[in-house]
Amino acid sequence: MNDSISDDINLNTDPDPQSDGQVEHKESQPRPYKPIVLLFGILMTGTAGWKDLRRSRLKPEQTAAGCFYPLIALASVCRFADWFYLPEFDLSSTLVSAVSVFASFFFSFFAVQVVCRWLFPLVAKSKTETPFFKLMVQYALSSLALFWIPGELMPILEPLTVFLPIWTAFIITKGIRFLRLPEKCLNRCMTTIVLTVIVMPYLFLWLCEEILN
């Protein structure tokens with residue numbers, strides 16, 4: 001009788017293999033992250049924000065749809081805020097300017113990848129084709145688009161927004177280590193990313209306005 005009781009106890013206390021598998025499966029699943037929330041995490045916490053982006057396992061297509069494209073679209077729409085400030089508001093020229101803003105950020109995403117691939121040392125060129133590099137470029141450009149918006153909505157703040165790209169450069173320096181670049185070319189690659197990310201949107205904006213006007 002004692003043996004039967006102990007057998008019953010063992011049957012009741014033995015872990016369920018199926019439930020353990022479910023627990024392990026749940027723990028292995030990535031936490032749900034919203035791309036736009038990750039941007040603010042990167043801006044506020046730097047390295048910790050980039051770690052969250054790595055853990056999220058988001059693809060560049062997901063972050064583009066959830067963060068990059070909406071922000072550059074909002075930045076372009078904010079060009080119409082001139083209607084409140086300019087007595088001689090010209091709808092056609094403002095529309096051209098809005099399209100130029102969107103196009104400048106959109107094409108910068110691809111141009112930064114091409115230029116970095118060209119300027120990176122041979123041992124680091126393959127890093128420009130990784131998903132995380134695309135994510136880094138997207139989030140860096142998204143921060144620039146975010147900083148663009150206050151100056152459009154309130155022109156009085158525009159002189160202050162000139163310095164905000166420094167923040168973009170800062171977050172790039174915090175995320176560069178996650179690219180796992182060779183140590184000997186780390187500074188060169190980081191400088192290349194910072195300069196191309198900050199310069200490209202303004203260069204494309206100038207080109208677009210010259211072509212469309």
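Does K134 satisfy the condition of being more than 16 Å from Y69 (Cα to Cα) and touching a residue at least 24 places away in the same chain (Cβ under 8 Å)?
On the way: more than 16 Å from Y69 (Cα to Cα): no; touching a residue at least 24 places away in the same chain (Cβ under 8 Å): yes.
So K134 does not fit the description; no.
Give me a count of the residues in segment 102-144 that are under 16 Å from R188 (Cα atoms) and open to solvent by less than 10 Å² (accessible area, probe 1.4 Å).
Within segment 102-144, residues that are under 16 Å from R188 (Cα atoms) and open to solvent by less than 10 Å² (accessible area, probe 1.4 Å) number 6.
Of all helices (runs of 4 or more DSSP H) completely enclosed by segment 31-86, which ones contain at least 3 residues that are of a type in the set (K, R) and either open to solvent by 30 Å² or more (accessible area, probe 1.4 Å) or in contact with a Pro (Cβ under 9 Å, 6 or more places away or on another chain) (or both)?
Numbers: elements: 35-45, 47-56, 60-63, 69-77.
Helices (runs of 4 or more DSSP H) meeting the threshold: 47-56.
Has segment 153-172 got any residue that is more than 22 Å from L71 (Cβ to Cβ), of a type in the set (D, E), out of contact with any Ser or Thr (no Cβ under 7 Å at 6 or more places or on another chain) and open to solvent by 80 Å² or more (accessible area, probe 1.4 Å)?
No: zero hits.
Select, from A98, A145, the only residue that is at pLDDT 95 or above, under 23 Å from T63 (Cα atoms) and among the small types (G, A, S).
Working: A98 fails: at pLDDT 95 or above.
A145 is the lone residue from the list that is at pLDDT 95 or above, under 23 Å from T63 (Cα atoms) and among the small types (G, A, S).
Determine the pairs where a residue that is without any contact (Cβ under 8 Å) to a residue 40 or more places away in the chain, located within segment 186-197, has a partner that is among the hydroxyl-bearing types (S, T, Y) and open to solvent by 30 Å² or more (accessible area, probe 1.4 Å) with Cβ atoms under 7 Å apart, the partner being 6 or more residues away or on another chain.
Every condition considered, the pairs that remain are M190/T173.
Of the numbered conditions (1) over 17 Å from L203 (Cβ atoms); (2) modelled with pLDDT of 95 or more, V114 fails exactly one; give the number of that condition.
(1)
Going through V199, V96 one at a time, which residue ends up being open to solvent by 20 Å² or more (accessible area, probe 1.4 Å), touching a Leu at 6+ places or on another chain (Cβ under 7 Å) and assigned to a helix (DSSP H, G or I)?
On the way: V199 fails: touching a Leu at 6+ places or on another chain (Cβ under 7 Å).
None of the other options fit; the residue is V96.
Can you pull out every residue in segment 109-162 that is among the hydrophobic types (A, V, I, L, M, F, W, C) and in a loop (DSSP other than H, G, I, E, B)? Break it down stepwise before answering.
So in segment 109-162, the residues among the hydrophobic types (A, V, I, L, M, F, W, C) come out as 109-112, 114-116, 118-120, 122-124, 132-133, 135-137, 140-141, 144-149, 153-154, 156-157, 160, 162.
Answer for segment 109-162, where residues must be among the hydrophobic types (A, V, I, L, M, F, W, C) and in a loop (DSSP other than H, G, I, E, B): F120, M154, V162.
For I211, only one of the following conditions fails: (1) without any contact (Cβ under 8 Å) to a residue 60 or more places away in the chain; (2) assigned to a helix (DSSP H, G or I); (3) open to solvent by less than 60 Å² (accessible area, probe 1.4 Å). What is its number?
The one condition I211 does not meet is (3).
Quick check on my filter: what residues within segment 179-191 are open to solvent by 20 Å² or more (accessible area, probe 1.4 Å) and in a helix (DSSP H, G or I)?
If the condition is that a residue be open to solvent by 20 Å² or more (accessible area, probe 1.4 Å) and in a helix (DSSP H, G or I), then E183, K184, L186, N187, R188, M190, T191 are the ones that fit.
The values are calculated or read from the model by the stated rules, or taken from the named source; none is laboratory data. Only a predicted model underlies this, so the values are computations on that prediction, with no experimental measurement involved. So basically every Cβ, Gly included, is an ideal-geometry build from the backbone, and we count neighbours across all protein chains shown. Note: accessible area is taken over every heavy atom of the protein model, side chains too, but ligands, DNA and RNA are not part of it. Shrake-Rupley method; radii C 1.70, N 1.55, O 1.52, S 1.80 Å.
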